[in-house]
Amino acid sequence: MPLVHSTATALAPHEYSQDELIAALLERWSERYYNPGRIEQFQRNVLVGSRHLALPIEAYEDLKGFGAHNDAWIRVATDMAESAVTNVLQSAGLTAADISIVVSTTVTGIAVPSLEARLMNRLPFSAATKRVPLFGLGCLAGCAGVNRLGDYLKGHPTEAGLMLSVELCSLTLQREDLSVANIIASGLFGDGCGVVLMVGDEHPLAAKAPLSWSHPRSVFFPDTERIMGWDMVDSGFKVVLSPEVPSLVKQELPGAVQGLLAEAELTPDGLDFYVAHPGGPKVLGAMQDALGLTQTDLQASWDSLATYGNMSSTSVLFVLHELLKDLPPAGQRGLMAAMGPAFCAELNLLESVA
């Protein structure tokens with residue numbers, strides 16, 4: 001079965017505390033919002049301590065229209081992707097030419113040619129490298145991308161591939177939108193990049209890979225398309241974020257996980273660790289309740305949320321990166337899980353083999 005060999009991350013270049021970001025938003029919105037104290041309350045309730053932004057905070061005022069925001073996304077996203085991919089390849093002793101396939105994902109910018117194609121003009125990938133750009137999967141795309149790459153490597157066991165996620169959520173903020181959804185998003189989402197190197201089980205690096213991957217599972221929940229996503233407006237991406245997300249997690253996630261465990265012939269007691277997307281405090285709390293977990297079980301996700309905010313599809317890759325720093329004992333199994341637009345879930349099983 002395919003294996004996770006290593007990961008790398010890259011943060012957007014400009015870090016701000018939540019206090020600094022709240023002050024900037026209040027400066028813009030307080031005269032137009034009927035109760036400015038609620039803006040700060042929404043920002044505090046997401047339990048985020050700091051975030052990294054693609055641009056200096058004052059530079060966002062100079063961006064006029066979707067085109068300018070998207071041009072900034074392409075520039076910064078490509079730089080971050082190059083940094084993260086270079087680091088993961090160097091740590092593995094590989095070059096870009098050793099990679100057979102690159103799966104990339106984002107939901108915060110549009111690029112044609114796509115991001116991994118632009119990266120191929122900077123790093124010496126083979127001209128025959130397969131490219132699989134994903135768009136529209138939102139927060140679950142980090143896990144979904146790992147699953148699609150794993151699916152490929154099952155059929156190509158001698159090869160190596162990359163799963164790349166770049167999300168620059170700050171460049172989607174609607175500065176004139178005072179809806180509750182947009183105000184919450186302005187306090188919750190951050191910018192980051194993550195990359196995962198996976199290899200087939202006949203690849204030379206397979207013997208040194210710390211985690212095996214198996215049992216990918218995609219679960220679609222019908223008639224939930226207004227739960228989370230974007231409305232496309234003249235100024236770009238306008239957030240759709242329903243307050244029903246936590247209740248939907250409680251309702252739907254247990255069945256999705258039970259289906260995966262049944263397929264793997266495991267019980268919930270057979271899971272030793274969790275790599276969960278940190279969607280927000282209410283979402284993580286709902287996940288704990290739905291699966292009968294404690295905060296300690298999802299501590300890595302809580303810590304990532306507090307340190308970086310929700311970086312959409314990138315966040316679960318940051319949690320995976322932290323897991324590899326403190327690898328569970330060999331034989332322990334874990335669940336990788338994320339949920340996002342549609343509404344739907346993406347899951348898999350990881351097992352420590354090192």
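Values in this text are rule-based calculations from the coordinates and carry no lab data. This one's a predicted model, so the numbers in the text were calculated from it and none came from an experiment. In this analysis, Cβ positions are derived from the backbone assuming ideal geometry, glycine residues included, and neighbour counts consider all displayed protein chains.
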Next item on the list: Taking amide H positions as placed in the peptide plane 1.01 Å from N, state which residues far from residue 189 in sequence (5 or more) or on other chains have amide H under 5 Å from it.
Entry: 310
Item checked: Alpha-carbon centroid distance for the pair the range 76-101 / the range 108-149, whole angstrom -> 12 Å
Check: So for 27, 82, 40, fewest C-beta neighbours within 10 Å to most, what's the order?
Finding: 27, 82, 40
Notebook entry, point to check: Expressed as an acute angle from 0 to 90° and rounded to the nearest 10, what is the orientation of the C-alpha long axis of helix 36-45 relative to the principal long axis of the chain?
Noted result: 10 degrees
Item checked: Ellipticity estimate at 222 nm from DSSP helix runs (n ≥ 4, -39,500 (n - 2.57)) divided over the chain, nearest 500 -> -12000 deg cm²/dmol
Margin query: Quick check: the angle from helix 299-308's long axis to the longest principal axis of the chain, C-alpha only, nearest 10 degrees?
Written below: 50 degrees
Check: From the phi of every residue in the range 106-118, what ³J(HN,Hα) in whole Hz does the Karplus formula 6.51 cos²θ - 1.76 cosθ + 1.60 yield, where θ is phi - 60° and glycine or proline is x?
Finding: 7, 9, 10, x, 10, 9, 9, x, 6, 4, 5, 5, 5
Check: Which ³J(HN,Hα) values, rounded to whole Hz and listed in residue order, are derived for the range 238-246 from phi using the Karplus coefficients 6.51, -1.76 and 1.60 in 6.51 cos²θ - 1.76 cosθ + 1.60 with θ = phi - 60°, glycine and proline given as x?
Finding: 9, 5, 10, 8, 7, x, 7, 3, x
Next item on the list: Holding the Cα-Cα limit at 21 Å, pick out from 130/154; 64/238; 130/208; 130/325; 250/282 the pairs that are longer than that.
Entry: 130/208; 130/325
Next item on the list: Tally the DSSP beta bridges in the range 3-207 and give the antiparallel ones as a percent, rounded to 5.
Entry: 65 percent
Margin query: Test of understanding: given the chain, find the longest segment containing no trypsin sites (Lys or Arg not before Pro) that are in a DSSP loop and have at most 11 other Cβ atoms within 10 Å.
Written below: 65-354
Checklist line | Likely footprinting exposure, 277, 14, fewest C-beta neighbours within 10 Å first | finding: 14, 277
Item checked: Alpha-carbon centroid distance for the pair the range 277-354 / the range 34-49, whole angstrom -> 25 Å
Notebook entry, point to check: Which ordering of 233, 85, 166 is given by a fewest-first count of other beta-carbon atoms within 10 Å?
Noted result: 233, 85, 166
